[in-house]
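Heads up: the structure comes next, in structure tokens.
Where a number appears in this text, it was derived from the coordinates with a stated rule and is not lab data. Note that the structure is a prediction, hence the values are computed from the model and not measured. In this analysis, Cβ positions are derived from the backbone assuming ideal geometry, glycine residues included, and neighbour counts consider all displayed protein chains.
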Amino acid sequence: MSYIPLGYHELVIPAGLLLILGILSLRLSLGLERQLLVAGIRMVVQLALVGYLLTFLFSAVSLVLTGIVAALMVIVAGREIHARQKFALSGLWSFGIGTVCILVGATLVTALALAGPLQPEPWYHPRYSLPIFGMVLGNAMTGISLGLDVFTTRLKRDRASVEAQLALGATRWHAVLPLTRDALRSGLMPTINAMAAIGIVSLPGMMTGQIIAGVDPAQAVKYQLLIMFLIAGGTGIATAGAVTVAVFRISDSRHRLRLDRLRAR
């Protein structure tokens, strides 16, 4: 069994669902019609460009080109993390923390998959490395964004409590430990919810795509399990690293809060 090819003209009717949502937004004064339009156009343009880019990369199979594309993905993800913060670390720290932590987390788990279960030839083949890297990157981006936002927002709100604990002799780590726990819970919760609901409440996109393309369902399940394990690991590593660095950035070696290093966006 092979996949059923689609033409762009066959996507017109499904795309009409966005039009229905836009009309609903206008009727209910939700104010989302412009965002739906912009998001829909961006999605079409971005995915079309990615499709042509991946077709070229799959034929070239170049380590340099694959590395450049992966680096661009990391930079864009770091920018998105920075843009989603209500209170961002000043200077390049907000962008730097997100970028470095997401790079480390996504690279580690992608390397684990390529060196372990998959073992493509060559190991950097973009058909395998880029999709896995991208899926881990996207979920880790969400985890870091939520974790840092919860941490900095709670810190602003509970500043008096944290400073009181510091004044009583608590270390900077112990003073913000409850906030750190909440931040990590928030960052990991989307991944945990996805794992809990997968297979019963929903069939994930990758598994659905493989099944439609004619892959044996049992084999599609194995690939989906691999991806979910990688996503969970990458998100956990990246989120924990980002929140930990943020803890030390908003305090100093004398265990004082340095909220002057935060700025409202």
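At what distance in angstrom do the alpha carbon centres of region 116-132 and region 133-172 lie from each other?
Computed from Cα coordinates, the inter-centre distance equals 34 Å.
I need the Debye-formula profile for the chain: one equal scatterer per C-alpha, no solvent, reported as log10 I(q)/I(0) at q = 0.14, 0.15 1/Å, two decimals.
-1.12, -1.21
Quick one: if the Förster radius is 30 Å, what FRET efficiency do LEU168 and LYS86 give, using the C-beta to C-beta distance and rounding to 0.05?
0.55
With label points built 7 Å along Cα→Cβ from the Cα atoms of ALA160 and VAL221, find their separation and express it in nm.
Each label point lies 7 Å from its Cα, and together they span 5.6 nm.
For region 1-97, report the % of Cα-Cα distances exceeding 17 Å.
The proportion of pairs with Cα distances above 17 Å equals 71 percent.
Could you calculate the FRET efficiency of MET189 with THR153 from 1/(1 + (r/R0)^6), where r is the beta carbon distance between them and R0 is 22 Å, rounded to 0.05?
Efficiency, rounded to the nearest 0.05: 0.90.
What 222 nm value per residue comes from the helices of the chain, counting each DSSP H run with n ≥ 4 as -39,500 (n - 2.57) and dividing by all residues, nearest 500 deg cm²/dmol?
Result for the chain: -25000 deg cm²/dmol, rounded to the nearest 500.
Work out from phi, with θ = phi - 60° and the Karplus expression 6.51 cos²θ - 1.76 cosθ + 1.60, the ³J(HN,Hα) of each residue of region 25-30, listed in order in whole Hz, and give x for Gly and Pro.
Ordered by residue, 3J(HN,Hα) equals 5, 5, 5, 9, 6, 7 Hz.
Let's test the formula: R0 of 35 Å, r as the Cβ-Cβ distance of PHE58 and LEU32. What FRET efficiency results, to the nearest 0.05?
The formula returns an efficiency of 0.45 here.
Can you list the residues, at least 5 places off or on another chain, whose amide H is less than 5 Å from the amide H of LEU262, using H built in the peptide plane?
SER90
Starting from the Cα coordinates of region 159-265, work out the convex hull volume and express it per residue in Å³.
130
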